[in-house]
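Undergrad: After the structure tokens below, expect a handful of questions from me.
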Amino acid sequence: MSKLEQFVRNLKDQQLLLSIWFENGALKLINQLKLPHKEEILTIQKVEDLAEAIRNMTIRGSGAIGIAGAWGMYLAALHSGGTREEMIRAARLLKSTRPTAVNLMKTIDEIMDCVNGFEMTPIDRIEAKVIEILERQLQFEHLLGSHGANLINDGDTVLTHCHSGALAGSGYGGRALSVIRKAYEQGKNIQVIACETRPYLQGARITAYELQKFGIPVTLITDNMSGYCMSVGRVQKVVVGSDRVAANGDLANKIGTYMHALAAKEHDIPFYTATSSHTIDFSIQSGADIEVEFRGAEEVTSLNGQRLAPKGVEAIYPSFDITPNSYLSGIITEKGVITHPFSQNLQQLNSKVVQ
Ligand code: RI2
């Protein structure tokens with residue numbers, strides 16, 4: 001058994017909810033499009049098929065697609081003997097799948113940094129890098145979860161949007177759900193309101209599924225109910241993930257996040273993003289520089305393949321929106337919780353070493 005397969009076996013022993021792993025010479029993926037009704041495991045042999053799985057949301061969530069990027073590069077090296085040409089081709093292909101989540105770009109760049117200078121990179125060099133990335137992500141989930149849990153009080157109801165959980169990350173609780181899971185494990189009596197997240201319904205299908213598995217009480221609402229729930233005192237905190245955070249703290253997250261942030265501000269409810277330092281993109285100054293992915297309009301005109309709107313009606317589907325930093329109470333990271341002024345404090349975080 002290779003070092004990598006041994007590593008994956010150890011991960012599985014930790015009772016994690018993995019979205020992607022390596023077994024018997026191939027990648028295994030939970031098909032997130034089929035959850036919660038079917039726990040289907042797909043086998044992927046080729047980097048092209050992995051790229052398609054990222055593009056079509058079979059695997060999704062910014063942390064998870066970052067991990068998938070690293071695995072994809074490993075797969076490319078395994079089949080090509082690590083030739084430079086193939087590594088460059090795989091990196092381009094994988095990066096072209098989804099434009100907003102920065103973790104995908106960063107993990108691929110990390111692998112490219114470790115192959116630079118080699119015409120044929122030894123596979124164990126890439127294997128060691130993949131292990132380093134996976135270990136780091138998992139450690140971050142525990143750390144950011146603990147920092148974030150300190151913000152949650154006994155008796156709180158936490159509203160979350162989309163799915164920022166184990167299957168969107170490295171298996172413990174991703175970002176937002178790591179905060180919730182740690183608070184729950186600390187013995188706090190908490191509840192979660194999960195927004196369904198039209199049109200892909202990640203909240204209804206996956207957040208609700210995971211919270212049920214963890215035994216954490218969850219109530220599902222449609223996205224347009226958050227203002228009501230806040231106005232009647234049913235929400236004490238909002239915690240969401242993020243696909244990219246700009247140097248000034250503006251964040252891109254699932255479409256609808258901005259709307260919840262506006263309502264939270266109106267009702268004086270603390271609004272946090274749970275993320276990691278790897279999701280902060282210091283190369284962009286503000287949210288205006290973040291590319292927002294647009295997906296097929298048929299996801300809006302239809303539901304589960306069934307047409308809702310009259311034929312010929314135009315629709316748009318921006319997959320993310322930008323929440324300006326002024327709506328944020330804090331950015332929860334593995335190094336601690338960052339508060340205003342974000343530009344300054346995020347720069348300081350950049351040089352801080354994880355404790
Ligand atoms: P973490 C998702 O996007 C949502 O934006 C969600 O909040 C985020 O990724 C979860 O990822 P999609 O991939 O912030 O479902 O937890 O389009 O890494």
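Undergrad: I need a count of the residues in the stretch 296-355 that are among the hydrophobic types (A, V, I, L, M, F, W, C) and touching a Leu at 6+ places or on another chain (Cβ under 6 Å). Working first, answer last.
TA: Quick first cut of the stretch 296-355, residues among the hydrophobic types (A, V, I, L, M, F, W, C) only: 297, 300, 303, 308-309, 313, 315-316, 320, 322, 328, 331-332, 337-338, 342, 346, 349, 353-354.
Next, from what is left, pick out any that are touching a Leu at 6+ places or on another chain (Cβ under 6 Å): 332, 338.
Number of matching residues: 2.
Undergrad: Moving on to the next point. Check whether at least one residue in the stretch 38-49 is of a type in the set (S, T, N, Q) and without any contact (Cβ under 8 Å) to a residue 24 or more places away in the chain, and report yes or no.
TA: Within the stretch 38-49, one or more residues are of a type in the set (S, T, N, Q) and without any contact (Cβ under 8 Å) to a residue 24 or more places away in the chain.
Undergrad: For the stretch 2-32, what are the residues that are farther than 15 Å from Ile131 by Cα and touching a Lys or Arg at 6+ places or on another chain (Cβ under 9 Å)?
TA: Initial filter on the stretch 2-32 (farther than 15 Å from Ile131 by Cα): 13-17, 19, 24-26, 28-32.
Residues satisfying the conditions are Leu17, Ser19, Asn31, Gln32.
Undergrad: So how many residues does the stretch 189-243 have that are among the small types (Gly, Ala, Ser), touching a residue at least 60 places away in the same chain (Cβ under 8 Å) and touching a Gly at 6+ places or on another chain (Cβ under 9 Å)?
TA: Narrowing the stretch 189-243 to residues among the small types (Gly, Ala, Ser): 194, 203-204, 208, 215, 226-227, 231, 233, 241-242.
Remaining after also requiring touching a residue at least 60 places away in the same chain (Cβ under 8 Å): 208, 226, 241-242.
Next, from what is left, pick out any that are touching a Gly at 6+ places or on another chain (Cβ under 9 Å): 226, 241.
Final tally of qualifying residues: 2.
Undergrad: Continuing with the same structure: Kindly establish whether Gly215 is at positive phi and either small (Gly, Ala, Ser) or away from the ligand (no atom under 12 Å from the Cβ) (or both).
TA: Details: at positive phi: yes; either small (Gly, Ala, Ser) or away from the ligand (no atom under 12 Å from the Cβ) (or both): yes.
The answer is yes for Gly215.
Undergrad: Of Ala90, Ala70, which residue is more than 14 Å from Thr279 (Cβ to Cβ), touching a residue at least 60 places away in the same chain (Cβ under 8 Å) and of a type in the set (Gly, Ala, Ser)?
TA: Values: Ala90 fails: touching a residue at least 60 places away in the same chain (Cβ under 8 Å).
Of Ala90, Ala70, the one residue that is more than 14 Å from Thr279 (Cβ to Cβ), touching a residue at least 60 places away in the same chain (Cβ under 8 Å) and of a type in the set (Gly, Ala, Ser) is Ala70.
Undergrad: Return the residues of the stretch 295-316 that are within 14 Å of the ligand (Cβ to nearest atom) and either out of contact with any Phe, Trp or Tyr (no Cβ under 6 Å at 6 or more places or on another chain) or farther than 30 Å from Met105 by Cβ (or both); say none if nothing qualifies. If you could, list the steps in order and put the result at the bottom.
TA: Within the stretch 295-316, the first condition is being within 14 Å of the ligand (Cβ to nearest atom), and the residues that meet it are 295-296, 299.
Gly296 - this is the single residue of the stretch 295-316 that is within 14 Å of the ligand (Cβ to nearest atom) and either out of contact with any Phe, Trp or Tyr (no Cβ under 6 Å at 6 or more places or on another chain) or farther than 30 Å from Met105 by Cβ (or both).
Undergrad: Oh, and also: How many of the residues making up the stretch 239-257 are at negative phi and away from the ligand (no atom under 12 Å from the Cβ)? Can you show your working first?
TA: Applying the first criterion (at negative phi) to the stretch 239-257 yields 239-248, 250-255, 257.
Subset that is away from the ligand (no atom under 12 Å from the Cβ): 246-248, 250.
The total comes to 4.
Undergrad: Run down Leu29, Leu33 and say which single residue is touching a helix residue (DSSP H, G or I) at 6+ places or on another chain (Cβ under 7 Å) and modelled with pLDDT of 95 or more. Can you show your working first?
TA: Working: Leu33 fails: touching a helix residue (DSSP H, G or I) at 6+ places or on another chain (Cβ under 7 Å).
The unique qualifying residue is Leu29.
Undergrad: Which condition from (1) more than 13 Å from the ligand (Cβ to nearest atom); (2) surrounded by 20 or more Cβ atoms within 10 Å (Cβ to Cβ); (3) farther than 30 Å from Gln186 by Cα; (4) not basic (Lys, Arg) is the one that Ile133 breaks?
TA: Of the numbered conditions (1) more than 13 Å from the ligand (Cβ to nearest atom); (2) surrounded by 20 or more Cβ atoms within 10 Å (Cβ to Cβ); (3) farther than 30 Å from Gln186 by Cα; (4) not basic (Lys, Arg), the odd one out for Ile133 is (3).
Undergrad: Any residue that is at pLDDT below 95 and surrounded by fewer than 21 Cβ atoms within 10 Å (Cβ to Cβ) - is there at least one of those in the stretch 57-71?
TA: No.
Undergrad: Would you pick out the residues in the stretch 81-122 that are surrounded by fewer than 19 Cβ atoms within 10 Å (Cβ to Cβ), among the hydroxyl-bearing types (Ser, Thr, Tyr) and either in contact with a Leu (Cβ under 7 Å, 6 or more places away or on another chain) or over 20 Å from Ile20 (Cβ atoms) (or both)?
TA: Thr83
The values are calculated or read from the model by the stated rules, or taken from the named source; none is laboratory data. All figures in this text were calculated on a predicted structure; none of them were measured in a lab. Cβ sites come from the backbone with ideal geometry, for glycine too, and all protein chains shown count toward neighbours.
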